[in-house]
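Here the structure comes first, spelled out in structure tokens, and everything after it is commentary.
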Amino acid sequence: MAEPSPVGVRALREGGVARILLDRPRALNALDLPMIRRVRELLENWRAEPLRAITIESSTAGVFCAGGDIRRIRQNTLDGDLEASEEFFATEYRVNEMLAAYPMPVVAVIDGVCMGGGLGLSVHGPFRVVTERAILAMPETAIGFFPDVGASHFLSRLPGGVGAYLALTGARLGAADALGIGLATHHVASWNLPALLRLLAEDPRPVDAVLRDLASVPARGSALARHRGHIDLAFTASDVAGVFRRLGNDTGDWACQTRKALESMSPQSLDLTLDLLLWGRQRSLRECLDAEREAGRYVVRSPDFIEGVRAALVDKDRSPRWGESRYRGMSPDGTVRWADEAPVT
Ligand code: QUE
């Protein structure tokens with residue numbers, strides 16, 4: 001196998017296409033600041049060039065991107081280096097925004113696990129290709145954080161209760177699920193990806209014609225679609241207590257399992273997450289990212305975040321002991337209110 005690139009991102013030019021390949025396989029391509037900076041630099045360099053498309057890919061089959069380097073963010077807090085985390089999020093969210101407004105077609109190729117920050121690198125662009133190996137999720141409520149990278153914008157616009165369901169439970173989506181709700185635009189079988197890249201570089205037709213030609217129907221159907229009725233019933237409540245109440249009134253297995261899953265999440269994260277989503281439905285991507293950045297400044301210092309990352313990624317005991325929620329509500333201007341200004345961690 002080739003040596004991984006020092007910054008964890010490779011860049012390739014082929015014909016009319018410029019490719020960004022995430023290349024930190026040992027960390028499941030989890031994004032650190034050097035990687036994010038490199039992606040930003042590539043996007044800045046390419047934006048004035050006569051390219052047909054750019055792609056966001058992974059160098060490793062089966063992995064797209066596990067998210068942000070959240071272990072580092074936690075360590076920054078413990079070290080008292082909050083500026084480092086603020087710079088990370090500011091740069092990451094700026095890249096998310098650039099992808100949403102890029103002057104040429106952006107094609108994300110999701111051939112594996114794609115979580116958290118991985119969605120931020122893929123869903124904002126116009127073309128999101130998934131393969132049969134794609135697994136998409138926003139699992140942050142399990143680590144005391146909240147779905148960020150613009151989730152208050154892209155999840156809040158999903159149909160019915162789907163966005164709140166995904167944000168609160170961290171449920172994993174397969175290819176058919178992602179296509180069904182519009183998070184993905186095309187399914188291309190993984191064996192067909194080399195042809196996709198060749199055609200993007202050489203075929204004179206527009207990107208959407210090439211994608212339409214190679215797209216196929218996923219072999220496995222959508223689990224999400226089967227539960228849509230239950231999802232919409234429970235996850236259109238206007239607060240988390242309401243979601244729990246509605247799930248409690250539903251005696252089916254799905255509702256019971258979903259309630260158990262929610263009970264294992266950080267209560268602070270659940271309250272903040274649902275409010276951000278409801279607020280973000282009527283806001284621009286920029287406004288959503290700004291509100292998320294503001295919320296994150298507090299959350300990374302809060303005990304639930306330190307404990308949640310410890311349990312999931314440091315000690316890996318998967319038994320977080322959540323504390324009292326310090327979240328006190330969200331103002332119409334997107335400011336989040338907390339029990340205290342500077343939490344002790
Ligand atoms: C929730 C998350 C993340 C997570 C697990 C969660 C996340 C993230 C990682 C991760 C996984 C593997 C790595 C790594 C980080 O796990 O955002 O460095 O090697 O990046 O339950 O949000």
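The values are calculated or read from the model by the stated rules, or taken from the named source; none is laboratory data. Note that the coordinates shown come from a computational prediction; the quantities given were computed from them, not determined experimentally. Positions of Cβ are generated from backbone atoms using ideal geometry, with glycine treated the same way; all protein chains shown enter the neighbour counts. Ligands, DNA and RNA are excluded from the accessible area calculation, which covers all protein heavy atoms including side chains. Shrake-Rupley method; radii C 1.70, N 1.55, O 1.52, S 1.80 Å.
When the residues of segment 150-202 are filtered to those that are touching a strand residue (DSSP E or B) at 6+ places or on another chain (Cβ under 8 Å) and assigned to a loop (DSSP other than H, G, I, E, B), the one that is farthest from residue 213 (Cα to Cα) is 170. Any idea which of 14, 44 is modelled with pLDDT under 95 and not hydroxyl-bearing (Ser, Thr, Tyr)? Criteria check complete, one pass: 14.
Got a number for residues in segment 230-244 being assigned to a helix (DSSP H, G or I) and open to solvent by 50 Å² or more (accessible area, probe 1.4 Å)? Final tally of qualifying residues: 4. A Cβ distance below 8 Å, combined with a sequence gap of six or more or placement on separate chains, defines the contacts here; from segment 162-189, residues that are polar (S, T, N, Q) reach residues that are within 16 Å of the ligand (Cβ to nearest atom) and not in a loop (DSSP other than H, G, I, E, B) in the pairs 169/141; 169/261; 169/262. Considering only residues of segment 52-69 that are open to solvent by less than 20 Å² (accessible area, probe 1.4 Å) and within 10 Å of the ligand (Cβ to nearest atom), which is nearest to the chain's Cα centre (by Cα)? Across segment 52-69, the extreme among qualifying residues is 67.
Taking the residues in segment 245-268 that are of a type in the set (A, V, I, L, M, F, W, C) and surrounded by fewer than 17 Cβ atoms within 10 Å (Cβ to Cβ) as candidates, determine which candidate is nearest to the chain's Cα centre (by Cα). If we take residues in segment 245-268 being of a type in the set (A, V, I, L, M, F, W, C) and surrounded by fewer than 17 Cβ atoms within 10 Å (Cβ to Cβ), then 261 is nearest to the chain's Cα centre (by Cα). Among the residues of segment 171-186, just one is open to solvent by less than 10 Å² (accessible area, probe 1.4 Å) and in contact with a helix residue (DSSP H, G or I) (Cβ under 6 Å, 6 or more places away or on another chain), namely 184. The residue of segment 107-122 that is nearest to residue 147 (Cα to Cα), among those that are aliphatic (A, V, I, L, M) and in a strand (DSSP E or B), is 115. Residue under question is residue 49, and the condition is that it be assigned to a helix (DSSP H, G or I), surrounded by fewer than 22 Cβ atoms within 10 Å (Cβ to Cβ) and more than 16 Å from the ligand (Cβ to nearest atom); does it hold? The answer is no for residue 49.
Restricting to segment 126-148, name every residue that is among the acidic types (Asp, Glu) and within 16 Å of the ligand (Cβ to nearest atom). Within segment 126-148, 140, 148 qualify.
For segment 216-229, the set of residues classified as outside any loop (DSSP other than H, G, I, E, B) and touching a residue at least 40 places away in the same chain (Cβ under 8 Å) consists of 223, 224, 225, 228, listed by residue number. Does segment 197-213 contain any residue that is of a type outside the set (Gly, Ala, Ser), within 23 Å of residue 148 (Cβ to Cβ), surrounded by fewer than 22 Cβ atoms within 10 Å (Cβ to Cβ) and out of contact with any Cys (no Cβ under 9 Å at 6 or more places or on another chain)? Checked against the condition, which is being of a type outside the set (Gly, Ala, Ser), within 23 Å of residue 148 (Cβ to Cβ), surrounded by fewer than 22 Cβ atoms within 10 Å (Cβ to Cβ) and out of contact with any Cys (no Cβ under 9 Å at 6 or more places or on another chain), segment 197-213 yields no hits at all. Are any residues in segment 276-302 touching a helix residue (DSSP H, G or I) at 6+ places or on another chain (Cβ under 9 Å) and either open to solvent by 40 Å² or more (accessible area, probe 1.4 Å) or among the polar types (S, T, N, Q) (or both), and if so, which ones? Of everything in segment 276-302, those that are touching a helix residue (DSSP H, G or I) at 6+ places or on another chain (Cβ under 9 Å) and either open to solvent by 40 Å² or more (accessible area, probe 1.4 Å) or among the polar types (S, T, N, Q) (or both) turn out to be 278, 281, 283, 284, 286, 287, 290, 293, 297, 301, 302.
Taken together, the criteria place residue 97 among residues that are under 27 Å from residue 282 (Cβ atoms), open to solvent by less than 40 Å² (accessible area, probe 1.4 Å), touching a residue at least 60 places away in the same chain (Cβ under 8 Å) and away from the ligand (no atom under 12 Å from the Cβ). Checked across segment 151-162, the condition of being within 16 Å of residue 110 (Cβ to Cβ) and open to solvent by 10 Å² or more (accessible area, probe 1.4 Å) holds for at least one residue.
Summed over segment 296-345, residues that are among the hydroxyl-bearing types (Ser, Thr, Tyr) and either more than 23 Å from the chain's Cα centre (by Cα) or within 14 Å of the ligand (Cβ to nearest atom) (or both) total 4. Here's a check for you: in segment 26-46, which residue that is within 16 Å of the ligand (Cβ to nearest atom) and surrounded by fewer than 16 Cβ atoms within 10 Å (Cβ to Cβ) is nearest to residue 74 (Cα to Cα)? Result: 34. Checked against the criterion of being of a type in the set (D, E, K, R) and within 16 Å of the ligand (Cβ to nearest atom), segment 108-123 contains not a single residue that satisfies it. Has segment 10-21 got any residue that is open to solvent by less than 20 Å² (accessible area, probe 1.4 Å) and within 16 Å of the ligand (Cβ to nearest atom)? No, every residue in segment 10-21 fails to be open to solvent by less than 20 Å² (accessible area, probe 1.4 Å) and within 16 Å of the ligand (Cβ to nearest atom).
Of the residues making up segment 139-149, those that are of a type outside the set (Gly, Ala, Ser), open to solvent by 10 Å² or more (accessible area, probe 1.4 Å) and not in a loop (DSSP other than H, G, I, E, B) number 2.
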